[in-house]
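Taken together, the values in this text are just the output of simple stated rules run on the coordinates, not laboratory data. Here the structure is a predicted model, which means the values were calculated and not measured. In this analysis, Cβ positions are derived from the backbone assuming ideal geometry, glycine residues included, and neighbour counts consider all displayed protein chains.
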Amino acid sequence: MAIIEAVALRKVFRSVERQPGIGGAIGALFSRTYVEKVAVDDVNFTLEPGELVGYIGPNGAGKSTTIKMLTGILVPTSGTLRVAGIVPQAQRMVNAANIGVVFGQRSQLYWDLPLRESFELLRSIYDVPRARYLENMQHFADILDLGRFLSTPVRQLSLGERMRGDFAAAMLHDPKIVYLDEPTIGLDVVAKEAIRTFIGSVNRERGTTVILTTHDLADVERLSRRIILIDEGTVIYDGSLERLRNEYGTHRTLVVTLAETYPEVVVAGTEVESREANTVRLRFNRRELTAEALIRRVTERYQITDVSIIEPDIETIVRRIYLEGYHDGAVGGPS
Amino acid sequence: MTAPAQAQLTRRPRFRLEPYIQFAQKAAAREATYRFDVFTTIASVLVRVYLLRMVWIALYARNVTSEDLPLHAIITYSTVALLMGLVMDIDQTRTLHDKLHSGGIATDFMKPINVPLYFFSDGSGEVLFHAVLIVPSLLFSLLIVHIDVPGPLVLATFFASFFLGYLVGFCVNFIMNCIAFWTLEIHAARLIVTWVSDLFGGEVIPLVIFPLFLQKVAFVLPFAAMFSTPLLIYVGVIKPERYAQALGSQAFWVIVLGLVATLMWRAGAKRVVVQGG
């Protein structure tokens, strides 16, 4: 049974259109023109319990709007939504008990109080049994290394420490589903890695369903097998990362180190991406040319000392899709 | 998924008081982190007690006497008013405005809590911490002025009336901060409310000294229920036979303003869920 089900989900915001300048600001006090903005348009997807899905899209694509509808704090304009068997906005309190939320840009911790006090407050809010609370705290303190700053007021924590605190806070009541909105934004490499390890372990060991929105595609490559790409409010791709790479990442790069200096390097079926001293990067289409055939072509004409192949990274693929749109036609996910 | 587990999922969580007590405790602890504020608050009370004492003595020396309030009564009135102000002058729902402004309100809606009740608990915790300051402020004030202490019946009624006044004040503040649902900024509203309530609440000048028509204006406003009623009970201007009427009118304002606050909250919350805040 699906744990999250979105059918024809749509959200339209109405806002006041302002003319520029002071005159416009004063004018807006008297007469208003409203503009409608479709934030989410006909979004469909289902998630099975225990899935970890990357929800990806450029700024303003509708990611946060979708998350807000899933959490029950935003009512869809039309369409239906079911989360763990209930309609989130109709039963906000029940839904809230089922979910955990982490916003990279906003903390749910008590700013002026030691971290530990926020946890105790959350224990009380979610009615977590004392034994379970202590067990979870112990567990999280171990993986997230919270011990050092449990008694420090939150406002004195570094961003990395605060985020680790926020993760523990979101997971304390063993939610069935967690929504992570840009959880690694602004973190250094070490903190990012700690957070990714934590997300992975929670998903694997506790079977928690995870929806992860992020701009850092390394998060997705590291954690999820399935991604949902959204752009201008619509889902443009839903499927495995592997498939996206196969279908879209058709161009690979062959890096060749030449034994001697040639005035020009021309190889049929490739284009020169860059050239630096004797190292040449050749871009080629995997479907038209196999790596083996290409290497043969190169060695026929040039003396080389080294060769390697670079697979397209997901970042490049996604950037291309944002710019050009998804052309595959058959858009759809597991149904 | 098994049937009982499904039932467990959709059941509305039963109401528990514990989190709300915790909200109040944490809010008090939060206030306590700003310790410097404690000393400045007490000092400012003492300065004001001293200044008001001088003002009233000077005014009464020029025969501005009121039949209802002899000098010792008006000094008692002013001092008790200042002490009450320690609690009443706090905008305990300011957090609501701050959270609407920053968008932080969203995280509160994502928790299984009754959000307005959370604001009430949080604000009351903040207020309770400040209430503790009344004791040292009172002791120090006694070094400057002598104040009358009424009998147990009057005192008990005063505290009941004080509590009702607190509820009225909470509703007024809550309504004011709810305006931020629509405008985000509430400077103007806050200025007007502060100005009118300072004048018609009886915190600085007892309403019984006012000309009759101004007293009538004060009566149709809720602010007298915050300061004036408990204070007039304390100094004995409101006699025991009028207690029921006095407390009744305060209760009336609690109900009316409570309804307005509820309606504004619902409309505001609806706006948030429809417009995204």
With the charge dipole of the protein assembly as shown built from beta-carbon charges (+1 for Lys and Arg, -1 for Asp and Glu) about the Cα centre, the Cα from B:Ile144, A:Ile67, A:Ile3 projecting farthest to the positive end belongs to B:Ile144
Ranked from fewest to most other Cβ atoms within 10 Å of their own Cβ, A:Ile317, A:Ile143 fall in the order A:Ile143, A:Ile317
The helix B:134-144 Cα axis meets the longest alpha-carbon principal axis of chain B at an angle in degrees, between 0 and 90 and rounded to 10, of 20 degrees
A:Glu48 and A:Ser151 label points (each 7 Å along its Cα→Cβ direction) are spaced in nm at 4.8 nm
Projected onto the charge dipole of segment A:18-96 (unit charges on the beta-carbon of Lys, Arg, Asp and Glu, signs +1, +1, -1, -1), the Cα from A:Ile26, A:Ser78, A:Asn95 with the largest positive-side position is that of A:Ile26
Listing A:His251, B:His187, B:His72 by rising number of other beta-carbon atoms within 10 angstrom, fewest first, gives B:His187, B:His72, A:His251
Residue-normalised 222 nm signal for the protein assembly as shown, counting each DSSP H run of n ≥ 4 as -39,500 (n - 2.57), nearest 500 deg cm²/dmol, is -17000 deg cm²/dmol
If each part is reduced to its alpha-carbon centroid, segment B:38-80 and segment A:193-245 end up apart, in Å, by 67 Å
Charge tally for neighbours of A:Thr197 with beta carbon under 13 Å away, counting Lys, Arg as +1 and Asp, Glu as -1, is 0
Along segment B:46-58, Karplus-curve 3J(HN,Hα) (6.51, -1.76, 1.60; θ = phi - 60°) to the nearest Hz, with x for Gly and Pro, reads 4, 4, 5, 4, 5, 5, 5, 4, 4, 4, 5, 4, 5
Which residues qualify? For A:Asp41, with a placed amide H closer than 5 Å and at least 5 residues away or on another chain, they are A:Lys11, A:Thr234
Karplus-derived 3J(HN,Hα) from phi for segment B:166-181 (6.51 cos²θ - 1.76 cosθ + 1.60, θ = phi - 60°), whole Hz, x at Gly and Pro, runs 4, 5, 4, x, 4, 4, 4, 4, 4, 4, 4, 6, 5, 4, 4, 4
When A:Arg92, A:Arg286 are arranged by how many other beta-carbons sit within 10 Å of their Cβ, fewest first, they go A:Arg286, A:Arg92
Non-local residues with an amide H under 5 Å from the amide H of A:Gly57, with H modelled 1.01 Å from N and Pro and chain starts lacking one, are A:Thr214, A:Ile230
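What does the charge add up to near A:Leu254, with Lys and Arg as +1, Asp and Glu as -1, over the other residues with Cβ less than 9 Å from its Cβ?
That works out to +3.
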